[in-house]
Structure formats: C-alpha cells, structure tokens
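Student: Have a look at this one before I ask anything.
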C-alpha cells in the first residue's frame, strides 16, 4: 500500500511560499510558508501535519491493541505535540509527546497501560520518526446511564 502527497515551493526560504496536496484531495494546494512554520502565522506546516498524522495513527493503533485484548473503546482522543529544534546539524524533530484520553468500558488500568505502550511503539508513524516519543494516557471512568 502506498499513499501520496506532493508539495510545490516557489521562491527563497524566507520570502517564498508553497502548497501541499494529498492524493485524496483532503489537502488541495494548502498554503504554507516560512512564517507559518517558524513565526506563528496562521496556516499549516509540515510539523503540524506530522502531529495530526501521529495522533490519528496512534488512536487507531490503540483501538486495535484494545481490540486484541477483548476491549472495545467508545472514544479515544489524542493530541500530538511535535518539537522542532535547531541543532548543530540543522533543524530536526526531536520529540513527539502524545496525550490521549480514552473511554474503554471494562478496561483495567494495567490492560489500558499495556495497550497504550504497544500502540506507541507499534504505530507506523511512531516507527517512522527518529525522535523521542513520550506519552501521557488517561483512562476515563465509564459514566452511568441516567
């Protein structure tokens, strides 16, 4: 299975602008620039897209791991924070922090912890990144029906 994305960049690093497109069309000539990447201008950037991809990948991997343990989550919410740092060798993604909260009826804390660790190491995006990946995971308590 292969997935495609593309980018076009016009101009120099600081004065240029680019667009990213995904083959599915979800992203279609979505603009990005130096200022959206490094200066907090509104718009996307590669690190934001990696964060979203990692959060989505981890959530699906966690659902699979819970399923393997005979558990079915009602909801998994994950936020990924990507850290981009300037090193001597240039800019690098040095860390991704995953923060997830899940509602999983019948799950023990230990079963949930094991599933989250397996998902963190087994998610294909985690495997791709050459960065430290940390995780905070919270198991929500099931709410009684009113």
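Student: Once the piece of chain linking residue 2 and residue 85 is laid out straight, how much longer is it, given 0.36 nm per residue of separation minus the C-alpha distance between them? Mind showing how you got there, number by number?
Tutor: On the way: separation 83, 0.36 × 83 = 29.88 nm, distance 2.94 nm.
Working it through step by step, the gained length comes to 26.9 nm.
Student: Please give the Cα centre distance for the range 86-120 versus the range 1-32, rounded to the nearest Å.
Tutor: Value for the Cα centre distance between the two parts: 28 Å.
Student: I need the fraction of alpha carbon pairs in the chain separated by more than 26 Å, rounded to a whole percent. Kindly include the intermediate steps, with their values, before the conclusion.
Tutor: On the way: 3962 of 10585 pairs.
Every Cα pair in the chain considered, those over 26 Å come to 37 percent.
Student: Relative contact order for the chain using alpha-carbon pairs under 8 Å, separation at least 6, rounded to a whole percent? Don't skip to the answer; put the middle values down first.
Tutor: Values: 237 pairs, mean separation 26.0, N = 146.
Across the chain, relative contact order equals 18 percent.
Student: A further question follows. Please order 37, 75 by the number of other Cβ within 10 Å, starting at the fewest. Walk me through the intermediate numbers first.
Tutor: Details: 37 19, 75 10.
Ordered from fewest to most neighbouring Cβ atoms within 10 Å, 37, 75 come out as 75, 37.
Student: Determine the calculated [θ] at 222 nm for the chain from helices alone, applying -39500 (n - 2.57) to every DSSP H run no shorter than 4 residues and normalising by the residue count; nearest 500 deg cm²/dmol.
Tutor: Numbers: 4 runs with 47 residues, N = 146.
Rounded to the nearest 500, the figure is -10000 deg cm²/dmol.
Student: Using Cα-only point scatterers and the Debye equation, what is log10 of I(q)/I(0) for the range 88-146 at each q in 0.20, 0.24, 0.25, 0.30 Å⁻¹, rounded to two decimals?
Tutor: Each listed q corresponds, in turn, to -0.80, -1.00, -1.04, -1.26.
Student: A further question on this structure: Rounded to the nearest 0.05, what FRET efficiency is calculated for residue 75 and residue 121 with R0 set to 25 Å and r the Cβ-Cβ distance? Provide the component values of the computation, followed by the final result.
Tutor: Working: r = 23 Å, r/R0 = 0.90.
Given R0 = 25 Å and the Cβ-Cβ separation, E is 0.65.
Student: Quick one: which of 52-65, 1-14 comes out on top by average Cβ neighbours within 10 Å, and what's the full order, highest first? Can you show the working numbers first?
Tutor: Working: 52-65: 20.1, 1-14: 9.1.
Going from most to least packed, we get 52-65, 1-14.
Student: Let me ask you something else. How big is the range 1-76 along each principal axis, measuring the range of its Cα positions in Å and listing the largest first?
Tutor: Taking max minus min along each principal axis of the Cα atoms, the range 1-76 gives 53, 28, 15 Å.
Readers should treat all values here as calculations from the given coordinates under stated rules, not as data from a laboratory. Values in this document were obtained by computation on a predicted structure and should not be read as measured data. A quick note on method: Cβ atoms are made from the backbone with ideal geometry, for glycine too, and the neighbour counts reach across all protein chains shown.
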